[in-house]
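Worksheet for the structure shown next.
The values are calculated or read from the model by the stated rules, or taken from the named source; none is laboratory data. Note that the structure is predicted; figures quoted are calculated from it, not measured. Counting neighbours? That spans all protein chains shown, and the Cβs are built from the backbone with ideal geometry, glycine included.
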Amino acid sequence: MRDTDGPFGKYISQMYRLLQARLNEKISPYSIRITQYSILRYLYKHDGTNQERIASDLKIDKALCSREVRKLEAAGFVARKRDENDSRKFLVRLTEKAWSLERELVDIGNQLNDCVLAGFSPEEEERAYRIAKRVITNLGRTDVMEDGSDKRNRPGSRA
């Protein structure tokens, strides 16, 4: 029996909602939404990437990525260009407008991260990241049973 006051997912959900609200508050002056912000942050490190790769790396739906990139294009943050090697794909490049806001937008993310980890020792920060990555890995696995047990450790299992 776990000594908690609710399921683990409750805390993940609360953290997610609080992070979303705080981030929305910080980026609203730039007239962008959270998914668009994530795409811009990704492109600051991977400018010229195709939309399919952006969606895959950010773990977002391809249709959502396409819609948000089109909105960023309409707002003048990115330019899309057909991939010369594969005409079915679009390469997404940041415009001068987006590059001029890089420092400000990256700082927003860094400040939010600092807020999340306020009061943590370096060891606690490292542990928090390790635990978060492990939760993500566990949720992505198909060999974990609903009860949390590992299918691989069950007699007769082939997982």
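Residues being small (G, A, S) and more than 17 Å from the chain's Cα centre (by Cα): count how many of those fall in region 6-47.
Counting residues in region 6-47 that are small (G, A, S) and more than 17 Å from the chain's Cα centre (by Cα) gives 4.
State yes or no: is S28 touching a helix residue (DSSP H, G or I) at 6+ places or on another chain (Cβ under 8 Å) and among the hydroxyl-bearing types (S, T, Y)?
For S28, the condition - touching a helix residue (DSSP H, G or I) at 6+ places or on another chain (Cβ under 8 Å) and among the hydroxyl-bearing types (S, T, Y) - is not met.
How many residues are loosely packed, with under 12 Cβ neighbours inside 10 Å and either over 26 Å from L72 (Cβ atoms) or free of Cβ contacts under 8 Å to residues at least 60 places away in the same chain (or both) if we restrict to region 114-128?
Going through region 114-128 one residue at a time, the tally reaches 8.
On the given criteria, is R70 more than 22 Å from G109 (Cβ to Cβ), part of a helix (DSSP H, G or I) and not assigned by TED's automatic domain parsing to the domain that holds V116?
Yes, satisfied.
Quick one: what pairs do we get from region 92-110, first residue over 14 Å from D47 (Cα atoms) and not assigned by TED's automatic domain parsing to the domain that holds I54, second of a type in the set (G, A, S) and assigned to a helix (DSSP H, G or I), C-beta under 9 Å, 6+ apart or different chains?
Matching pairs, first to second residue: L105/A98.
Quick check, is E25 surrounded by 13 or more Cβ atoms within 10 Å (Cβ to Cβ) and modelled with pLDDT of 95 or more?
So E25 fails the test.
Provide a single number: the residues in region 74-91 that are surrounded by fewer than 17 Cβ atoms within 10 Å (Cβ to Cβ) and either not basic (K, R) or not assigned by TED's automatic domain parsing to the domain that holds G48 (or both).
Of the residues in region 74-91, 9 are surrounded by fewer than 17 Cβ atoms within 10 Å (Cβ to Cβ) and either not basic (K, R) or not assigned by TED's automatic domain parsing to the domain that holds G48 (or both).
What is the number of the single condition among (1) small (G, A, S); (2) modelled with pLDDT under 95; (3) in contact with a helix residue (DSSP H, G or I) (Cβ under 8 Å, 6 or more places away or on another chain) that A98 does not meet?
Going through (1) small (G, A, S); (2) modelled with pLDDT under 95; (3) in contact with a helix residue (DSSP H, G or I) (Cβ under 8 Å, 6 or more places away or on another chain) one by one, A98 breaks only (2).
Would you check if I60 is surrounded by 13 or more Cβ atoms within 10 Å (Cβ to Cβ), in a loop (DSSP other than H, G, I, E, B) and either in contact (Cβ under 8 Å) with a residue 40 or more places away in the chain or of a type in the set (G, A, S) (or both)?
Spelling it out, it is not the case that I60 is surrounded by 13 or more Cβ atoms within 10 Å (Cβ to Cβ), in a loop (DSSP other than H, G, I, E, B) and either in contact (Cβ under 8 Å) with a residue 40 or more places away in the chain or of a type in the set (G, A, S) (or both).
For residues that are out of contact with any strand residue (DSSP E or B) (no Cβ under 9 Å at 6 or more places or on another chain) and aliphatic (A, V, I, L, M), scanning just region 30-57, find the one that is surrounded by the most Cβ atoms within 10 Å (Cβ to Cβ).
Taking the candidates together, the pick is I32.
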